[in-house]
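The next block holds one structure in the form of structure tokens; read it before the comments.
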Amino acid sequence: MNPFRILGDLSHLTSILILIHNIKTTRYIEGISFKTQTLYALVFITRYLDLLTFHWVSLYNALMKIFFIVSTAYIVVLLQGSKRTNTIAYNEMLMHDTFKIQHLLIGSALMSVFFHHKFTFLELAWSFSVWLESVAILPQLYMLSKGGKTRSLTVHYIFAMGLYRALYIPNWIWRYSTEDKKLDKIAFFAGLLQTLLYSDFFYIYYTKVIRGKGFKLP
Amino acid sequence: SEEDILHDEL
């Protein structure tokens, strides 16, 4: 593994830990898109079905996969749990979470039918998850562009998520040049799309929150 | 038989 890949994985892991820490320590969940977090849980469950075959790439790979499934599922459970403990915040969160995710699910399913490595259940599920991950941030982006309520989404979470996507690009360039010109085209193009969406996410965050903050301060 | 595809990235 090259340094970009390791740092990319670690920043992804960090972003999830930051989000969990935020949800647990602050009462503000309004800025979080429940739909985006649910889509991420679906992404990891459908991508890592290969865990069940026990043809594991490495211990590192298997442990990271288990971490991503468990931690994203935990985020969904935490958000869902706030329905009882913090009803007002929960309703606020859902009220602004109005992006239609059916389109993302259908689009990703179609992309996986057109672009896959093999026409098998595991490979179709893998491709579906890669395409879904590339667009799963859209409900969050949409929510942010409409309301700009981002108290619990800290700069650190977005920075870590953006860093993870950005680092995967030099990782692919590194791998392409060192590993016999091999490149996973599906992961590469879906990854590029995702990185573009993240740069938009950061731009909106910057204009709405960082610059907007100056106006709101008493 | 074809080899299984190894998705080594996360």
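Please treat every number below as a calculation from the coordinates, not as lab data. Bear in mind that the values here come from a model prediction, so they are computed numbers and not experimental data. All Cβ positions, glycine included, derive from the backbone under ideal geometry; neighbour counts span all protein chains shown.
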Scope segment A:157-181; condition within 11 Å of chain B (Cβ to nearest Cβ) and either exposed (fewer than 15 other Cβ atoms within 10 Å of the Cβ) or of a type in the set (S, T, N, Q) (or both); matching residues: A:N171, A:E179
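Within segment A:106-127, identify whether any single residue is within 14 Å of chain B (Cβ to nearest Cβ), among the hydroxyl-bearing types (S, T, Y), closer than 24 Å to A:Y28 by Cα and surrounded by 12 or more Cβ atoms within 10 Å (Cβ to Cβ), and answer yes or no. Give the derivation first.
Of the residues in segment A:106-127, the ones within 14 Å of chain B (Cβ to nearest Cβ) are A:112, A:115-127.
Within this subset, residues satisfying the condition of being among the hydroxyl-bearing types (S, T, Y) are A:112, A:120, A:127.
Right, trim to closer than 24 Å to A:Y28 by Cα and you get none.
Scanning segment A:106-127, I find no residue that is within 14 Å of chain B (Cβ to nearest Cβ), among the hydroxyl-bearing types (S, T, Y), closer than 24 Å to A:Y28 by Cα and surrounded by 12 or more Cβ atoms within 10 Å (Cβ to Cβ), so the answer is no.
Residues A:T26, A:T38, A:T53: which one is surrounded by fewer than 16 Cβ atoms within 10 Å (Cβ to Cβ) and closer than 27 Å to A:S112 by Cβ?
From the options A:T26, A:T38, A:T53, the qualifying one is A:T53.
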Neighbours by Cβ (under 7 Å, 6+ apart or cross-chain): first from segment A:52-67, at the interface with another protein chain (Cβ under 10 Å from one of its Cβ atoms) and within 21 Å of A:Y40 (Cβ to Cβ); second aliphatic (A, V, I, L, M) and surrounded by 13 or more Cβ atoms within 10 Å (Cβ to Cβ): A:M64/B:L10; A:K65/A:L51; A:K65/B:L10; A:F67/A:L13
Residue pairs meeting the criteria (Cβ under 8 Å; at least 6 apart or on separate chains; first within 16 Å of A:L63 (Cα to Cα) and within 13 Å of chain B (Cβ to nearest Cβ), in segment A:1-27; second outside any helix (DSSP H, G or I) and not basic (K, R)): A:R5/B:E9; A:D9/B:L10; A:H12/B:L10
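With the structure loaded, tell me whether A:I88 is in contact with a Phe, Trp or Tyr (Cβ under 7 Å, 6 or more places away or on another chain), over 15 Å from A:A136 (Cα atoms), more than 14 Å from chain B (Cβ to nearest Cβ) and of a type in the set (V, I, T) or whether it fails that test. It would help to see each step written out before you state the result.
Values: in contact with a Phe, Trp or Tyr (Cβ under 7 Å, 6 or more places away or on another chain): no; over 15 Å from A:A136 (Cα atoms): yes; more than 14 Å from chain B (Cβ to nearest Cβ): yes; of a type in the set (V, I, T): yes.
Taking the combined requirement at face value, the residue does not satisfy it.
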Some residue of segment A:63-71 being touching a Phe, Trp or Tyr at 6+ places or on another chain (Cβ under 7 Å) and within 22 Å of A:S145 (Cα to Cα): no
